[in-house]
1. In a Gaussian network model over the chain where Cα atoms closer than 10 Å are linked, find which of 333, 37, 258 has the largest mean-square fluctuation.
2. Take the range 67-201, drop everything but the C-alpha atoms, weight them equally and run the Debye formula without solvent; then report log10 I(q)/I(0) at 0.13, 0.20, 0.21, 0.22 Å⁻¹ to two decimals.
3. When only Cα pairs under 8 Å and 6 or more residues apart are kept, what is the percent relative contact order across the chain?
4. Could you check which residue among 409, 372, 113 shows the biggest mean-square fluctuation in a GNM of the chain with a 10 Å Cα cutoff?
5. Set the Förster radius R0 to 25 Å, insert the Cβ-Cβ distance between residue 328 and residue 359 as r into 1/(1 + (r/R0)^6), and round the FRET efficiency to 0.05.
6. If each residue of separation counts as 0.36 nm, what is the full-extension length gain between residue 252 and residue 51 once their alpha-carbon separation is subtracted?
7. Percent relative contact order of the range 1-156, based on C-alpha pairs within less than 8 angstrom and at least six residues apart?
8. Ranked from highest to lowest mean number of other Cβ atoms within 10 Å per residue, what is the order of the peptides 60-67, 297-304?
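No value in this document is a laboratory result; all are computed from the given coordinates. A quick note: this is a predicted structure, and the numbers were derived from the prediction, not measured. All Cβ positions, even for glycine, are placed from backbone atoms using ideal geometry, and neighbour counts span all protein chains on display.
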């Protein structure tokens with residue numbers, strides 16, 4: 001009963017916030033559409049939807065970020081707005097940090113540490129990161145979960161699941177897998193609360209990427225970690241502007257190492273960090289690529305890993321028809337009105353056109369946007385297990401292009417693809 005009351009109260013608050021934001025948004029869309037056209041009106045509505053999610057709090061922000069990856073189902077302009085959602089949560093103060101430590105360790109002065117800096121060095125909606133020193137050891141980073149965040153997020157996710165069941169009955173959305181999409185979205189958000197899982201993700205990534213030159217994943221200290229706190233090695237002087245101070249040759253090495261790391265995850269191990277934005281990907285002046293925060297990671301099945309690798313291999317040599325058939329084989333199903341032959345024809349053409357482009361003109365984002373548009377248009381549903389890993393490539397593309405505008409994404413992939421397809425033990 002207490003949970004039902006809390007859920008009902010949260011539902012009432014969410015409904016009020018939605019009304020306050022959505023009614024003016026629809027009126028504004030109509031007015032803008034009259035003055036500047038329907039496209040401008042829709043863009044206004046999408047922007048207001050993103051602002052609504054921000055107003056609803058961290059759970060809805062994270063849900064919006066995940067939904068923004070579903071370009072196979074949602075309008076690209078809406079995905080662009082959702083992808084720009086950012087956590088805007090104040091850092092924990094010293095009192096809240098002590099409370100979080102007590103929840104994690106049973107004491108605000110855990111004996112595992114000789115020093116703790118109560119001022120966070122980084123802050124997010126789920127956790128803050130603090131510098132500390134292990135008893136008898138060196139400097140470590142504590143990723144400490146915010147007090148109360150799990151209960152609040154679970155309430156919001158339960159509301160989203162219930163809402164998905166209602167929305168799925170809307171006639172206009174009858175052919176959209178609303179319930180499945182929301183279920184995958186909720187799972188992705190919940191995984192970011194599971195610090196035991198994230199610690200294991202970091203360990204796996206560190207092991208998997210140990211053979212990729214110049215890539216550094218922080219070591220986890222499991223004996224000092226707890227379900228509410230991950231303890232890992234502290235990497236000093238992380239700065240998003242460090243690459244700009246390096247030579248052009250070093251920047252090209254950064255681009256190659258970062259791209260090779262992603263390809264290794266996708267094609268060789270099938271275990272993929274899906275959130276490689278600049279806050280989780282750093283470049284040091286010692287020419288190392290640092291990968292952090294593995295909460296949003298997925299494990300591809302062996303079948304999907306191989307299909308993903310086969311798709312990119314065929315794409316790199318321009319075999320469009322093979323790529324198109326792989327997209328259909330890897331999907332979750334077809335709409336009742338799906339037109340598979342036309343999809344295959346247009347998808348093959350997209351691959352062949354992209355293969356003919358010079359490296360500097362090839363855009364993964366443009367390619368993926370057109371592919372998802374074809375899937376939407378002809379009723380081929382993509383597998384969420386492939387959408388999330390593809391997101392990791394789309395997120396890192398801009399960073400890699402900034403480092404090396406001439407990088408050839410398809411050429412860098414080939415040796416890793418060969419290992420993924422033919423060289424695994």
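1. With Cα springs under 10 Å in the chain, the top fluctuation among 333, 37, 258 is at 37.
2. Summing over Cα pairs of the range 67-201 leads to -0.70, -1.21, -1.28, -1.36.
3. Answer for the chain is 13 percent.
4. Of 409, 372, 113, the Gaussian network model singles out 113 as fluctuating most.
5. For R0 = 25 Å, the calculated efficiency reads 0.35.
6. So the chain would gain 68.7 nm between residue 252 and residue 51.
7. For the range 1-156, the relative contact order is 15 percent.
8. Result, highest mean Cβ count within 10 Å first: 60-67, 297-304.
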